[in-house]
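Comments concern the structure below.
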Amino acid sequence: MAKYCGLNGEILSQQEAGIGLTDLAILRGYGIFDYFLFKYGQPLLEEQYFNRFYSSAEKMHLEVPIGRQLLSRHLRELIAANGETQGAIRLVLTGGYSPDGYAPGAPNLIVLLHPYPKLPEAYFTEGVGLISHSFQREWPEIKAINYLTGIKLLPQIRQAGALEVLYHHNGILLEAVRSNIFLVNSREELITPHSNILYGITRQSVIKVAEGLLPIIEREVRLEELFQAREAFITGTNKSLMPVVKVDGRLIGNGEVGPWARKLREGLEAYREGYYRKVVG
Ligand SMILES: Cc1ncc(COP(=O)(O)O)c(C=O)c1O
């Protein structure tokens with residue numbers, strides 16, 4: 001656990017900091033969050049994550065108690081106070097203290113530092129499995145704190161030896177519980193769902209990295225296309241780009257990690273590193 005956290009713009013001991021019991025995040029699960037990486041003391045793609053965080057807040061009628069400039073300074077102070085050079089940052093904006101247990105109050109802004117994600121290398125070299133589930137998140141573009149469906153399905157995910165659950169709705173492929181999905185079809189086109197999803201920052205980075213390498217198509221994708229794909233992979237801040245070789249026990253492509261997943265993951269890592277180098281100077 002990090003030594004210090006942020007609460008409403010102040011840096012406090014994480015062990016002692018807390019919020020009250022009547023916060024709407026506790027009573028009704030109402031709140032938003034975001035999660036991003038930092039390295040060399042610098043947040044990755046800060047502007048893009050801030051855009052999503054402030055826009056999620058606005059859509060949920062919650063006011064972030066500090067503006068972007070102050071938040072940016074606050075993050076750097078928190079990183080320095082913890083003496084970390086790399087890790088992950090979680091911003092949480094709660095519904096605040098509710099006067100009647102239902103209506104939002106003034107939001108609490110929590111900032112937590114987590115270790116830099118370290119996933120088993122086999123996830124990347126051998127690929128991972130998913131299970132599918134018919135579900136569409138309530139407000140797909142908002143990064144709400146509610147992960148009821150995914151968390152409730154954890155026992156089934158574990159039993160299937162899968163990593164995550166993949167959502168589809170009315171036969172349309174959407175996203176995984178904490179990541180976006182891409183397919184490479186037999187024409188070597190890169191295809192990703194374009195609506196009713198969270199617009200992942202990593203999804204956007206991968207699209208940028210893929211530009212000029214193969215055609216990129218953002219459109220409605222049918223679930224069956226997944227099973228006809230040559231390759232599939234998921235993307236997320238803490239997963240980078242992870243090949244998917246099995247869904248519901250059915251092999252994707254030949255069931256092995258494909259060349260595009262390898263190439264685009266390398267490209268994504270280089271893109272991230274290039275960003276850090278540019279801001280660090
Ligand atoms: C529902 C959902 N979709 C997609 C993503 C991937 O987004 P990002 O690449 O910004 O981490 C996440 C990340 O947590 C998510 O929760």
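The values are calculated or read from the model by the stated rules, or taken from the named source; none is laboratory data. Being a predicted model, the structure only gives us computed values, none of them experimental. Here the Cβ positions follow ideal geometry from the backbone for every residue, glycine too, while neighbour counts run over all protein chains shown. Note: areas computed on protein heavy atoms with side chains; ligands, DNA, RNA excluded. Shrake-Rupley method; radii C 1.70, N 1.55, O 1.52, S 1.80 Å.
Details
- Once exposed loop GluC sites (Glu not before Pro) are cut out (DSSP; at most 15 other Cβ, 10 Å), longest piece of the chain: 64-120
- In the stretch 122-275, Rg over Rh equals 0.93, where Rg is the alpha-carbon radius of gyration and Rh the Kirkwood radius from pairwise Cα distances.
- For the stretch 46-98, the solvent-accessible area with a 1.4 angstrom probe is 47 square angstrom per residue.
- Those lysines that a straight Cα-Cα span of less than 27 Å connects to K208, excepting residues fewer than 8 apart in one chain: K39, K59, K118, K143, K239, K246, K263, K278
- Rh by Kirkwood over Cα pairs, then Stokes-Einstein D for the stretch 191-258 at 1.306 mPa s and 10 °C, µm²/s: 123
- The chain: angle of helix 46-59 to the longest principal axis, Cα-based, in degrees nearest 10: 70
- Across the chain, the longest run free of exposed loop sites, meaning trypsin sites (Lys or Arg not before Pro) lying outside DSSP classes H, G, I, E and B with no more than 10 other Cβ atoms within 10 Å, spans 1-117.
- Between helix 259-280 and the chain: long-axis angle, C-alpha atoms, 0 to 90°, nearest 10: 30
- Where only DSSP H runs of four or more residues are counted, the chain gives -9000 deg cm²/dmol as its mean residue ellipticity at 222 nm, each run worth -39500 (n - 2.57).
- DSSP beta bridges in the chain [antiparallel fraction, %, rounded to 5]: 80
- DSSP-loop chymotrypsin sites (Phe, Trp or Tyr not before Pro) across the stretch 1-103, with at most 16 other Cβ within 10 angstrom: Y40, Y102
- Relative to the 2.2 N^0.38 Å rule of thumb, the chain has a C-alpha radius of gyration ratio of 1.03.
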